[in-house]
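The values are calculated or read from the model by the stated rules, or taken from the named source; none is laboratory data. What you see is a predicted model; the values in this text were computed from it and never measured. Please note: Cβ atoms are built from the backbone with ideal geometry, for glycine as well, and neighbour counts cover all protein chains shown.
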């Protein structure tokens, strides 16, 4: 007997939808120059004919790279080629910006500016104050969302910073809620990853496992981000995070064994 080949299904819809989204994004960026043509011509002080050379140049590069990319693809495989191409494009873009005099823009992209002496942009100071607030109110904290007010009492820089958040959600949970509040946050994080890993292992379908694993990876990214900023203080981010937690831990699409 031969195995029956199943076509369609949710996986096919996901793959097809991803391909359509990428194609739409590519066409959008390719045609965006036509919409912004007048603004671009005025910005760069060039004529419409000169501006159109950008599109022609893109097509020429695309056509010229077909054969060498095909040879490299056959020799090294798609994964290595995609990684190398992505890294190469990022490096070329960064070097081009620096060469054209946009070094400050590159540095600002990392949250810094040229001439900065504090690489943490004030975070080390905020975190030190947060620990002092927590030490002063160890059990129940200073009160939920009170960091901006409590900060002024312990600030030693004469109001140089106007701070409302500690730029570390875990430290702020400790300073705002004390040991009890921090224990709740820690318990939530532990249970989230514990149940998420259990959900990934229990999924019997590749699609469901991928959904759970991808959602758990998103939760991990937000958890790391929370060490250096306050992403979950934005309601839309918090809503998206809870959606990821639900997909990672509940696995609503998983097939149940009967």
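Taking residue 241 as the residue in question, decide whether it is closer than 30 Å to residue 12 by Cβ, part of a helix (DSSP H, G or I) and free of Cβ contacts under 8 Å to residues at least 60 places away in the same chain. Yes; evaluated as a whole, the condition is true for this residue. Taken over the stretch 166-190, the criterion of being within 22 Å of residue 217 (Cα to Cα) and either outside any helix (DSSP H, G or I) or without any contact (Cβ under 8 Å) to a residue 24 or more places away in the chain (or both) is satisfied by 167, 168, 184, 185, 186, 187, 188, 190. Somewhere in the stretch 170-184, is a residue surrounded by fewer than 16 Cβ atoms within 10 Å (Cβ to Cβ) and under 14 Å from the mean Cα position of the chain (by Cα)? Taking every residue of the stretch 170-184 in turn, none turns out to be surrounded by fewer than 16 Cβ atoms within 10 Å (Cβ to Cβ) and under 14 Å from the mean Cα position of the chain (by Cα). For the condition more than 16 Å from residue 226 (Cα to Cα) and out of contact with any strand residue (DSSP E or B) (no Cβ under 9 Å at 6 or more places or on another chain), residue 154 qualifies. Scanning the stretch 201-227 for residues that are at pLDDT 90 or above and in a loop (DSSP other than H, G, I, E, B) yields a count of 2.
Is the stretch 59-66 home to any residue that is over 26 Å from residue 36 (Cβ atoms), loosely packed, with under 10 Cβ neighbours inside 10 Å, over 24 Å from the mean Cα position of the chain (by Cα) and without any contact (Cβ under 8 Å) to a residue 60 or more places away in the chain? Yes, the stretch 59-66 contains a residue that is over 26 Å from residue 36 (Cβ atoms), loosely packed, with under 10 Cβ neighbours inside 10 Å, over 24 Å from the mean Cα position of the chain (by Cα) and without any contact (Cβ under 8 Å) to a residue 60 or more places away in the chain.
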